[in-house]
Amino acid sequence: MPKAVKGVLVECDPSIKAIILKIDQDKHDYIVEDLDDQTLVIKESQLNRLKARLEEELANTQQMPEDSGSD
Amino acid sequence: VVDQIRLWQLEGDRMKATPGFLFKEFNTQADYEAPCRYAEEIGVLVWKQDTQRKFFVTRHEQVAAFLRSRSGKGG
């Protein structure tokens, strides 16, 4: 029998997705289903919290020169 | 300032969030394809992955009804 799962489909860069996976690692509290490189389903109730965490993480990573060299 | 611009980009183009329902665990490719096509026809399909037999819709009621009517017929 097929299943229907409620959630929010998130489509993003692989780099953003990698950060979401990292955030989820703590408590596995966000992700409902990891679909592919650029797509995942998260809990609807957690969307705003995830965005906030994501912005925090991005602010942190941007202090590090991780992806330089493209001029 | 650059950081702030990046954050806005995240909302704007780098991340798209669509509330709805993920359908999965279809037994056969045919079981998957019919409701997926139906979802597309009625305009609720947002995302699909044929090899994983999964698709995401904005509204599930009609698709669920479609699945029920099929399982009644087929077996």
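What's the center-to-center distance, using Cα atoms, between segment A:1-54 and segment B:50-72 in Å? So the two Cα centres are separated by 21 Å. Evaluate the Kirkwood expression for the hydrodynamic radius of chain A, namely the inverse of the mean inverse distance over all pairs of different C-alpha atoms, and round to one decimal in Å. One over the average 1/r among Cα pairs gives 13.2 Å for chain A.
Which value, in square angstrom to the nearest 100, describes the accessible area buried between chains A and B on both sides, using a 1.4 angstrom probe? Each step should come with its number before you reach the end.
Numbers: alone 5610 and 5950 Å², together 8910 Å².
So the buried area, both faces added, is about 2600 Å².
State the extension gain, in nm to one decimal, for the chain segment bounded by A:GLN25 and A:LYS51, taking 0.36 nm per residue of separation less the distance between their alpha-carbons. Could you put the intermediate results ahead of the total?
Numbers: separation 26, 0.36 × 26 = 9.36 nm, distance 1.55 nm.
Extending this stretch completely gives an extra 7.8 nm.
Heavy-atom accessible area per residue, segment A:8-61, 1.4 Å probe: how many Å²?
On the way: 2590 Å² over 54 residues.
Normalised by residue count, the accessible surface of segment A:8-61 is 48 Å².
Please report, in debye to the nearest 20, how large the charge dipole of segment A:8-61 is about its Cα centre when each Lys and Arg carries +1 at its beta carbon and each Asp and Glu carries -1 there. The partial results should precede the final answer.
Working: 7 positive and 13 negative charges, 45 e Å.
Value, rounded to 20: 220 debye.
Under a Cβ-only charge scheme (Lys and Arg +1, Asp and Glu -1), can you give me the dipole magnitude of segment B:21-75 about the Cα centre, in debye to the nearest 20?
Values: 9 positive and 7 negative charges, 24 e Å.
Computed about the Cα centre, the dipole is about 120 debye.
Computed from label points 7 Å out along Cα-Cβ, the spacing between B:ASN27 and B:THR51 is 2.5 nm.
The residues B:HIS60, A:HIS28, sorted by heavy-atom accessible surface at 1.4 Å with ligands and nucleic acids left out, run A:HIS28, B:HIS60 from largest to smallest. Within the assembled protein chains, the solvent-accessible surface assigned to B:THR58 is about 60 Å², based on a 1.4 Å probe. When the Cα positions of A:LEU40, A:LEU50, A:ILE20 are compared along the charge dipole of segment A:8-61, A:LEU50 comes out farthest toward the positive end, with charges on each C-beta of Lys, Arg, Asp and Glu.
Here B:LYS16 is the anchor, and the lysines within straight C-alpha reach of less than 19 Å, apart from those fewer than 8 places off in the same chain, are A:LYS6, A:LYS17, A:LYS22, A:LYS43, A:LYS51, B:LYS48, B:LYS54. With each pseudo-label sitting 7 Å past Cα toward Cβ, what's the A:ASP34-B:PHE66 distance in nm, one decimal? A separation of 3.0 nm, rounded to one decimal place. Sparsely packed loop sites in segment B:11-75 (the trypsin sites (Lys or Arg not before Pro) outside DSSP H, G, I, E and B with at most 14 other Cβ atoms within 10 Å) comprise B:ARG59.
The values are calculated or read from the model by the stated rules, or taken from the named source; none is laboratory data. Remember, predicted model here, so these are calculated numbers, not experimental data. Note: ideal-geometry Cβ built from the backbone for every residue, glycine included; neighbour counts use all protein chains shown. Side chains are part of the model used for accessible areas, which takes the heavy atoms of the whole protein and leaves out ligands, DNA and RNA. Shrake-Rupley method; radii C 1.70, N 1.55, O 1.52, S 1.80 Å.
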